[in-house]
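Report on one structure; see the data block that follows.
The values are calculated or read from the model by the stated rules, or taken from the named source; none is laboratory data. All of these numbers come straight from a predicted model, not from anything done at the bench. No Cβ is skipped: glycine too gets one built from the backbone with ideal geometry, and neighbour counts run over all protein chains shown. Accessible surface is based on the protein model in full, side chains and every heavy atom, while ligands, DNA and RNA are left aside. Shrake-Rupley method; radii C 1.70, N 1.55, O 1.52, S 1.80 Å.
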Amino acid sequence: MFNFYFQNSSTTAAIRAVSFPILAILILAGCGTRGGGDGINPDRNFAPPAPDEPPPELTAPADIARALRAGGYVIYMRHGLTKRSELELESKSRAAGKFSLSDCSTQRNLSDEGLAESRAAGEQFRRMNLPVAKYLSSRYCRVWQTARAFSDSIAYSEALTSDGPVVKQPERIEGVRALLAEKPPVGRNHMLFAHQGIFWEATRLTVQEGWAVVLVPGVYTRIVARISSADWARLAAVP
């Protein structure tokens, strides 16, 4: 529950307001915090976490690092921070018949901050030498640019390549679920780089720009961990 205090300039009396409409507005704006170093904020997130999403089971860097080193998980990472000025670019490109996955100028792209943050996070991730059997990426520019900061062994996935802001095709969603349910080899992980829309459609879970969600393959009622871009340095520092 959120408590807000408003003070009229003509009086010193504080009015305490506990208001569901205000709470709803804040949720829609993406406010609040949930694990990780940078919290949850509207600049990172078009779809804030639902109130009933399970909290991450592991929050301490040492616990998360040890779990990932032991393997057995799917790490789903959303692309880095994007340019807010390009929010409507893809829909306009499609309407004009100009959208192309091979032409980054027709897509929403990583911001300068997003590029720098992805590179820094990827450098820390590589330091960990995590046992990852498979790296799969969407073909959108903002996603593969994020993915390549983390690994030189990226393969593209049509299932992860979202068609529009939210994918409704059942076959595409089933393809995403199949990837999320695939068990990696013993002692290793799978890492997927993609979008919020298809993740939500497949799992009813959310992920911010630049964040990763760690799942047990095929289990969407648990979140093992949420990892922010800043967290990778903390994980890499765990002996």
(request) Looking only at the range 187-204, decide whether some residue is among the hydroxyl-bearing types (Ser, Thr, Tyr) and assigned to a loop (DSSP other than H, G, I, E, B). (result) no
(request) Please go through the range 205-233 and pick out each residue that is small (Gly, Ala, Ser) and either in a strand (DSSP E or B) or surrounded by fewer than 23 Cβ atoms within 10 Å (Cβ to Cβ) (or both). (result) ALA212, GLY218, ALA225, SER228, ALA230, ALA233
(request) List every residue pair whose Cβ atoms sit under 9 Å apart, with the two residues 6 or more apart in sequence or on different chains, where the first one lies in the range 58-71 and is polar (S, T, N, Q) and the second, anywhere, is modelled with pLDDT of 95 or more and surrounded by 15 or more Cβ atoms within 10 Å (Cβ to Cβ). (result) THR59/ALA225; THR59/ARG226
(request) Give the residue that is farthest from LEU130 (Cα to Cα), with candidates limited to residues of the range 140-179 that are at pLDDT below 90 and among the basic types (Lys, Arg). (result) LYS168
(request) May I ask you to say which residue of ALA194, ALA178, ALA159, ALA202 is in contact (Cβ under 8 Å) with a residue 60 or more places away in the chain and among the small types (Gly, Ala, Ser)? (result) ALA194
(request) Could you tell me which of the residues GLN145, GLN196, GLN169 is closer than 24 Å to GLN124 by Cβ and open to solvent by 40 Å² or more (accessible area, probe 1.4 Å)? (result) GLN145
(request) Return the total of residues in the range 180-239 being on the phi > 0 side of the Ramachandran plot and modelled with pLDDT of 95 or more. (result) 3
